[in-house]
Every structure is written in structure tokens, then in C-alpha cells.
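Where a number appears in this text, it was derived from the coordinates with a stated rule and is not lab data. Keep in mind it's a predicted model, so treat the numbers as computed, not measured. Every residue, glycine as well, gets a Cβ built from its backbone with ideal geometry; the counts of neighbours run over all protein chains shown.
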Amino acid sequence: MRLFTLLVHEGREPAPSLELMTVRDRARARELATKRLRESPRYHRIEVWEGDVSVFDITRADLG
């Protein structure tokens, strides 16, 4: 299992909130981050990090 950090950006907040998730791989991290973004209309972007490496980010525009 691998540890990923999510930085969840909300339009009203000056700084992103921090969440941690432990999943098997990057594909699962992407799946769950996308689900998280879809669940709340307040969120406009989620950055995903593994350690000190930026893995990817997803924006509301990416949801199509």
C-alpha cells in the first residue's frame, strides 16, 4: 500500500485542505481523487502527491 496526500482546493478558502489516503497504486489514487472532486461542487481542484513528488492534479474542467 502507498500513501498519497491530497490538497483539496475550495473556492472560498485561501489555502487547500490536506487529506491522506492509503491505496494500492496511482490509478486507485486517481479514481478516488476524481470521486472526491465529483462529490462536492465547492471543490475546484485536487492535487495528488506521493511523498514530495506531485503525481497529478484534477480540476473540475477535467470532469467534462
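What is the sum of charges, Lys and Arg at +1 and Asp and Glu at -1, for the other residues whose Cβ falls under 15 Å from the Cβ of ASP25? Mind dumping the intermediate values first?
On the way: positive: ARG2, ARG24, ARG26, ARG28, ARG30; negative: GLU31, GLU50.
Computed value for this residue: +3.
How much of the DSSP beta bridge set in the chain is antiparallel, as a percent to the nearest 5?
So the antiparallel bridges in the chain amount to around 100 percent.
Only loop residues by DSSP count here, and only those with at most 14 other Cβ atoms within 10 Å; note down the trypsin sites (Lys or Arg not before Pro) in the chain that meet that.
Numbers: sites: ARG2, ARG12, ARG24, ARG26, ARG28, ARG30, LYS35, ARG36, ARG38, ARG42, ARG45, ARG60; in loops: ARG12, ARG24, ARG42.
Taking the chain and a limit of 14 other Cβ atoms within 10 Å, the loop trypsin sites (Lys or Arg not before Pro) found are ARG12, ARG24, ARG42.
What is the spin-label model distance, in nm, from ARG26 to LEU3 if the labels are put 7 Å beyond Cα along the C-beta direction?
Distance between label points: 2.0 nm.
From the helices alone, meaning DSSP H stretches of at least four residues, give me the mean residue ellipticity at 222 nm for the chain, per-run term -39500 (n - 2.57), in deg cm²/dmol to the nearest 500. List each step's numbers first, then the result.
Values: 1 runs with 14 residues, N = 64.
Helix contribution divided over all residues of the chain: -7000 deg cm²/dmol.
Could you state the angle between the C-alpha long axis of helix 26-39 and the longest principal axis of the C-alpha atoms of the chain, as a value from 0 to 90 degrees rounded to the nearest 10?
20 degrees
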